[in-house]
Amino acid sequence: MKFIILLGMSFLLVGGAEFTIGTAHLSCQQTIHGFLAGPYSHDIIARIIWLFRIPRFFLAFLAGVGLAASGSLLQGVTRNSLADPFLFGLSSGAAAGAVAMIVFANDILGIWTTQLGAICGSLCSTGAFFLLAFYRRNVLSSDRIILSGLSVSFIFSTITNFFIFYGDRNTAQSVLFWTIGSFSSAQWSNIPIALLATGIIILYGIKNNNQIVAMLAGKETAFSLGVNVQYLYVTTLCVTSFSCALLVSLCGPIGFVGLIVPHLVRLFYVRSFRKLFLYSSFAGGILTTVADIISKIIIPSQEVPVGIIISAIGSVFLMLMLLKGKGHNSAS
Amino acid sequence: MKFIILLGMSFLLVGGAEFTIGTAHLSCQQTIHGFLAGPYSHDIIARIIWLFRIPRFFLAFLAGVGLAASGSLLQGVTRNSLADPFLFGLSSGAAAGAVAMIVFANDILGIWTTQLGAICGSLCSTGAFFLLAFYRRNVLSSDRIILSGLSVSFIFSTITNFFIFYGDRNTAQSVLFWTIGSFSSAQWSNIPIALLATGIIILYGIKNNNQIVAMLAGKETAFSLGVNVQYLYVTTLCVTSFSCALLVSLCGPIGFVGLIVPHLVRLFYVRSFRKLFLYSSFAGGILTTVADIISKIIIPSQEVPVGIIISAIGSVFLMLMLLKGKGHNSAS
Amino acid sequence: MNKKVLQAKQLEYHYGLKGVNLTIHSHEKIALIGINGAGKSTLLKILAGILEPDRGEVYLHDTALKKMKRRQFVKKIAWLSQMDNPSPDFLVEDYIALGRMPFRYPPNALQDKEALQFAIERCQISGLLGRKLGELSGGERQRVFLARCLVQTPDILLLDEPTNHMDLKTKIEIVSVLKDLPITVVCIVHDFHLISHFFERVILLDKGRIIKDGIIKDVLFSNEFQNVFRLKTHIVKVDDGTEEFIFRSYVS
Amino acid sequence: MNKKVLQAKQLEYHYGLKGVNLTIHSHEKIALIGINGAGKSTLLKILAGILEPDRGEVYLHDTALKKMKRRQFVKKIAWLSQMDNPSPDFLVEDYIALGRMPFRYPPNALQDKEALQFAIERCQISGLLGRKLGELSGGERQRVFLARCLVQTPDILLLDEPTNHMDLKTKIEIVSVLKDLPITVVCIVHDFHLISHFFERVILLDKGRIIKDGIIKDVLFSNEFQNVFRLKTHIVKVDDGTEEFIFRSYVS
Amino acid sequence: YPVTVKSCGTDVKIEHQPRRAVIHDINMAEMAFSLHLQPYIYGLTGISGWNTPSKDFKQQQGRIPEIATRYPTLEQLVASQTDFFFAGWNYGMRIGGDVTPETLAQQGIPSVVLSESCLRAGGKLELPTLDLLYNDEIRLGIIFNREELARKLVENWKGRVENIRIRLRKIYNIKVFLYDSGEDQPFTAGRYALASELMRLSGGVNIFDDLQTNWGVVSWESVAMREPDVILMVDYGKGVEQKLEFLRHNSLMKENAAVKNNKIYIVHYDDMTPSPQNIPAIEKMALFFHPEMMK
Ligand SMILES: Nc1ncnc2c1ncn2[C@@H]1O[C@H](COP(=O)(O)OP(=O)(O)OP(=O)(O)O)[C@@H](O)[C@H]1O
Ligand SMILES: Nc1ncnc2c1ncn2[C@@H]1O[C@H](COP(=O)(O)OP(=O)(O)OP(=O)(O)O)[C@@H](O)[C@H]1O
Ligand SMILES: [Mg+2]
Ligand SMILES: [Mg+2]
């Protein structure tokens, strides 16, 4: 209950800030006026608020939630604190796809070009990953998952790099910017996709979080408790891949959230593995939205790519945590 | 003994190929002629061979050896198969330094500009890492090492990204190229540095490999066998940081070698942890040199950045290994 | 009372087992013994469905295990691993609550809470709640593991050396608890004194085969037992009127 | 023969120990007993230099441990952990060779090879060479662990439940080996029968304090022992003329 | 000969008239071609890897080969026995790369660096002016013993620019938005880009004149709020159809006057980097911005 109230309040607060603040300076009054004018007004301020800032807020929040949730699930399921959706080749796949589109496709698909490229890329990489992980064996181990992920990740980043090398002189920068990640492409038409991605991962997480926690008790023990370990590996990988593919296609591979937020939450507050998932998700959402706000005000009339801000805030936080000495000294 | 003969032979073979192949087309005869003419000849071919190709061969080999050795040591010491010198913030530091130089400093220090930047950057990041890992506590754990490394890594990649954002679009391209890694700037004056870096890590490894193997028996057990666990953490991190900083400054952050080569060696052949270190180092060296040769011939009259080729070859190899089903199914 | 609950037919496993037949009746308390590497843990894992046998079949209440839904199966059978390696950061209460996974989880219903309460009490771990697994002593940890199995409220408990790390007092208390449970219990135990007091039936495994199966006295005095362990079994009378088995090594 | 080799003075540790004084003489075979959580493992870790005491001091041959070089110390003392978690991919021969680390490593000299040979023989693990730790049964693994300690050719063996997972036969054989070693051995053991046959001296720990220290009979019949474990000790005569202790729980 | 010229603040000594010069990128090649230096040029680099050169350019290039389609390697330059290399930082040379003035000097190859690129490779930010072009052209003239011709050429250019300045003396500077690329966020020229100066000379003002960088990313909402009158679009040789299409569908930009009235002008890569093409580009832009004044 407390959790829900907290969530609601921060949501409103951050949302308000997102609407008011942007690269175009609007006064509070203008914002409210524009807000009330509604999305169909021809007023430019109303359009800015309704067509850009509001969907952008939702996209930022949803992406943060989805990525952090994926990270926490994957770290649990592989029992490796360095696991994250992007180490497993997924983001490299998405990047390769997006870059291929940036370099080769003459915008055949309109504004969806990079999105589609990213999705195709991540489908390919996920496919390759599963092929590697499963080919000729029916038992997955976390070691095998990690190795398969790494090899896929490297092969696709090779492809990406090759495209960049091959592409024209703008490619490098477009690619770099895309890779840093940004929410500026937010549109209402994106929101259902983000909602789908995040919704799936959250539902999956709520349903299976317990099983993933059970994995931390050991693979065989988890199995003896009714956790279908193999199935859990596969579904978790599928769901996180799918969701992250969608999110990455919308806002670029924002790598930090999935990897760090679960650690942050663990260091900061949550001793119980069971709560890690929900808290991480929420913290991820707040982190991305706050970072998005900051990205809009830190340099006048220019937007800093939000990926930069996210990892700046996040790593400063993590450093503070480590310095404050809340670090847990588990026998490793 | 067999090992040494194998090493010698592959060394000669690969070396020969490196001397003959390059972006300027030379026939075998020309190569031999140039080779015999010696470094002080005014013959163009002799100059190309002696001033470019030979130092380049050494740089490629030494860098491969050093990076793979670092990776194998770090994976052992942290008992995490995803550990590598670049996940611990070192390469982000080097990159930040190098990028700062590329963006801000006008080649003030001549050919040493990026090198110095990279070294300064990695010193900063390593310093930050140790501060975080040690501040107010005298017990290091592998968890803490990983978290400290991650936070440093992210803060520096934030800085790098910010610089890139700040720089112009051609900068982005230069930066990306630097990040992919290349041996093309090899010169004789670099070789002593590479030799120092790789020599240190190899000597350290030979001396301490056993202790690192002992760490795999458990931290406390290793301690009871006379391994000074804390000291080993610190020295391993210091030595790998130092060596990789130097290597990165010479040829860019070639991330693949340290992370994958030890796995490759383990999958391929080596069951004994004790042999992993030397075999990985050697395999790393061969991988980078072979990749360098390929990078020079794959596109006519154009050199592909070697980092691309390295990860392409390496990951294809890893995939084949995984598909061949030599994967070890350890209880995870 | 004497229903067959678990049956194994011609179990084979590439390492460990060579044609094991076994019938376990409800409410039996069975000790599985054998020298190291005899295949005890392997057998238990197969019975618990953790490993799949290369050949042969396990039946739970006459249903082949292969044909059962895993979800149904784990409501009936709890298994304790010989060497477990849970994350050291696990909170004790989170860990034992895992036992409710086959039912509803997190535990909320009265039934769940009762199961938890029962296990905490019987395993004497109320003092350990709120601590992390990595901060417990060996015996404490083992009790927590066992509690997780009890929380599962199974019909059949398959325990691989449950009394590991435990001192004699705790061992006795814990095994008494097991004995008094109105369920089937199969334990791998190496302590024959403990067995002689608490288990009705003993199964002796050697080189992947059951070579003796019967009531305690029969097994302990059998040639098979004495050969396998190279021990001679004596029986003595204690002051308090009870009897006790004593084992003497042939050599020492 | 009766030299003091290891002394503990007023050891305190924030969890576990409260003012422990202890003197161990050379060639003694000591069993450390106590209920779960009594602080046995903590004490052993402090004696082995794994943990640093909050207060107090450990002396090896009259030299304070703090002042000794770790390298020297580990040539003298081998320690076996209660719950170890080595990488499952470790080869058995690589693992036991670790015992030579304090000397020269990898083992080459004749002396090293002899130590290895000796340990492999005594712990009966020659059949396990070439296998990985993850593929061993519990008792096999435990023997490998112990072999690693023997390979270390220490003056003092500090063993935390070395007979864990072992069957009775192996247990007896292994403990006989320990008994016959011409060195000091301190074991944490929960099996009092085993203790009564193989250990001269027993130290009883409770709540971080040594509450009884003496020869086997004295300790087992002491009130402290009987209170701590809530057991009554009986002594019985066996057919073959030997004596045996029998323990009866107050309650059951 | 020998002559000494400045290159990024350092003196470069040219011992004799280069006979095997190598020149990087379209814009620098055009500078050379405008002095008719083709006979002295051994090869070009970095042309077809990135650009689709115009027919005109190809004709001027004649039979001069392209040594490397992108960045050359030091080995290639040495092997072709180059005696002069003209390139820029991030145009053919990378800081920390294998080809830099220093590594070239070690091989006895003199090189000069495009002046504009000195600014971008660090140092203090200065507002770029057409002097960058003028000086480089004259420098090239000195090196190849064509100083006279170069000075005449530059005088001619200066006159053409001055002519426009006089005509546009009294007009109101229209607001120009340069749209380079980018869909999520537009990539545009800032205060320190030569493009801003070119716009100013053609009677416009860059709406992002306050952007404290040379090229940077802004947001559509600020573009919309600043209401540009004209949009300049950069064509990298692949056409601008997709960018146009994008603007017409962007929910904010489609309300913009420039988009609605199709006040969109297309420029090329070499129009916006220091090159002889700058001059005609200014003339054409001025005509587009202020057709009434230029008649
Ligand atoms: N993963 C494995 N791979 C190969 N062989 C194995 C594996 N696990 C166990 N074994 C072998 O199978 C045999 C039976 O093992 P099991 O663990 O069932 O023995 P156990 O009776 O439980 O012994 P203990 O009393 O020591 O626990 C042993 O010889 C062991 O070495
Ligand atoms: N890392 C730790 N942090 C906090 N408390 C601990 C830690 N390790 C052990 N303890 C506590 O210290 C006490 C003594 O632990 P110790 O491991 O020495 O017991 P023990 O006598 O070896 O017990 P057992 O027979 O169960 O192995 C126990 O109560 C235990 O809960
Ligand atoms: Mg077993
Ligand atoms: Mg203990």
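The values are calculated or read from the model by the stated rules, or taken from the named source; none is laboratory data. Everything numeric here is computed off the predicted structure, so don't read it as measured data. Note that each Cβ is placed from the backbone with ideal geometry, even for glycine, and that neighbours are counted across all protein chains shown. The accessibility values were calculated without ligands, DNA or RNA, using every heavy atom of the protein model including side chains. Shrake-Rupley method; radii C 1.70, N 1.55, O 1.52, S 1.80 Å.
Of all segments of chain E bounded by GluC sites (Glu not before Pro) found in a DSSP loop with no more than 12 other C-beta atoms within 10 Å, the longest spans E:127-295. Per the accessible-area calculation with a 1.4 Å probe, the total area buried between chain C and chain A rounds to 2200 Å². For chain B, leaving out every one of the chymotrypsin sites (Phe, Trp or Tyr not before Pro) that falls in a DSSP loop and has at most 14 other Cβ atoms within 10 Å, the longest unbroken run is B:136-268. Descending by average beta-carbon neighbour count within 10 Å, the peptides C:191-197, A:249-255 line up as A:249-255, C:191-197, the highest first.
Annotation: amide H of D:Val5 within the under-5 Å range of D:Ile24, D:His25, D:Ser26, sequence separation 5 or more or interchain, hydrogens built in the peptide plane. Restricting the trypsin sites (Lys or Arg not before Pro) of the stretch C:81-157 to loop positions (DSSP other than H, G, I, E, B) with no more than 12 neighbouring Cβ atoms within 10 Å leaves C:Arg104.
Inter-chain Cβ neighbour count for E:220-229, averaged per residue, equals 5 (cutoff 10 Å, partner chain atoms only).
On the beta carbon distance between E:Asn145 and C:Arg209, with R0 = 60 Å, the FRET formula returns roughly 0.05. Heavy-atom accessible surface of the protein assembly as shown, averaged per residue, reaches 36 Å², computed with a 1.4 Å probe. In the stretch B:22-41, burial by the other protein chains removes 40 Å² or more of accessible area from B:Thr23, compared with the chain on its own (1.4 Å probe, ligands and nucleic acids ignored).
Residues of the stretch C:63-105 whose accessible area (probe 1.4 Å, heavy atoms of protein chains only) drops by at least 40 Å² once all protein chains are present, relative to their chain alone: C:Arg70, C:Trp79, C:Met83, C:Asn85, C:Ser87, C:Asp89, C:Phe90, C:Leu91, C:Asp94, C:Leu98, C:Met101, C:Tyr105. The residue among A:Pro262, C:Thr233, D:Val177 whose Cα reaches farthest toward the positive pole of the charge dipole of the protein assembly as shown, with charges on the beta-carbon of Lys, Arg, Asp and Glu, is C:Thr233.
With the charge dipole of the stretch E:171-265 set up from +1 on Lys and Arg Cβ and -1 on Asp and Glu Cβ about the Cα centre, the Cα lying farthest toward the positive end among the listed residues E:Ala193, E:Met225, E:Val259 is that of E:Val259. When chain E is treated as a Gaussian network with alpha carbon springs shorter than 10 Å, the biggest mean-square fluctuation among E:Asp210, E:Asp83, E:Asp131 belongs to E:Asp210. Comparing the chain by itself with all protein chains present, which residues of the stretch E:87-104 are at least 40 Å² less accessible (probe 1.4 Å)? Correct list: E:Asn90, E:Arg94, E:Ile95, E:Gly96, E:Asp98, E:Glu102. Nonpolar atom fraction for chain E, defined as the carbon and sulfur part of the 1.4 Å probe accessible area, stands at 49 percent. Where a ≥ b ≥ c are the square roots of the eigenvalues of the C-alpha gyration tensor, would you call the stretch B:166-315 rounded, which needs a/c under 1.5, or, failing that, prolate if a/b is larger than b/c, or oblate? Cα axes put the stretch B:166-315 in the prolate bin.
Comparing mean-square fluctuations of D:Gly130, D:Gly49, D:Gly139 from a GNM of chain D with C-alpha springs under 10 Å, the top value falls on D:Gly130. With +1 assigned to the C-beta of every Lys and Arg and -1 to the C-beta of every Asp and Glu, and no other charges, what is the dipole magnitude of the stretch D:151-250 about the Cα centre in debye, to the nearest 20? Charge dipole, the stretch D:151-250, about its Cα centre: 440 debye, nearest 20. Helices meeting the span-like rule in chain B (full DSSP H runs, Cα extent of at least 18 Å along the helix axis, mean Kyte-Doolittle score of -1.0 or higher): B:2-20, B:54-78, B:90-104, B:113-134, B:142-166, B:191-215, B:229-251, B:255-268, B:273-297, B:306-324. Taking Cα centre as origin and charging only the Cβ of basic (Lys, Arg, +1) and acidic (Asp, Glu, -1) residues, the dipole magnitude of chain B rounds to 940 debye. Note on A:74-81: average number of Cβ atoms from other chains within 10 Å of each residue's Cβ is 2. Look at the alpha carbon pairs under 8 Å that are at least 6 residues apart: their mean separation over the length of the stretch D:85-153 gives a relative contact order of 51 percent.
Can you tell me how the stretch C:85-153 classifies by the Cα gyration tensor, rounded, prolate or oblate, using a/c under 1.5 as the rounded cut? Cα axes put the stretch C:85-153 in the prolate bin. Along the charge dipole of chain E, which of E:Asn135, E:Met93, E:Leu114 sits closest to the positive end, that is, farthest toward it, with unit charges on the beta carbon of Lys, Arg, Asp and Glu (+1, +1, -1, -1)? Checking the options against the dipole of chain E, the answer is E:Asn135. Computed from point charges on the beta carbon alone (+1 for Lys and Arg, -1 for Asp and Glu), the dipole magnitude for chain E about its Cα centre is near 700 Debye. Annotation for the B:A interface, with buried accessible surface near 5900 Å², both sides summed [1.4 Å probe; non-protein components not counted].
For the stretch E:175-282, the set of trypsin sites (Lys or Arg not before Pro) satisfying both a DSSP loop assignment and a count of at most 13 other C-beta atoms within 10 Å is given as E:Lys238.
For the stretch B:46-64, the residues whose backbone nitrogen is under 17 Å from a point 7 Å from the Cα of B:His33, taken along Cα to Cβ, are B:46-50.
Heavy-atom accessible area buried between chains E and A is around 2800 Å² (1.4 Å probe, both sides summed). Taking every residue in D:233-242 and counting other chain Cβ atoms within 10 Å of its Cβ, the average works out to 4. Loop-located chymotrypsin sites (Phe, Trp or Tyr not before Pro) in the stretch C:36-123 (DSSP state other than H, G, I, E, B) with a sparse environment of at most 11 neighbouring Cβ atoms within 10 Å are absent.
Within the accessible surface of chain C, defined with a 1.4 Å probe on protein heavy atoms only, the carbon and sulfur portion equals 48 percent.
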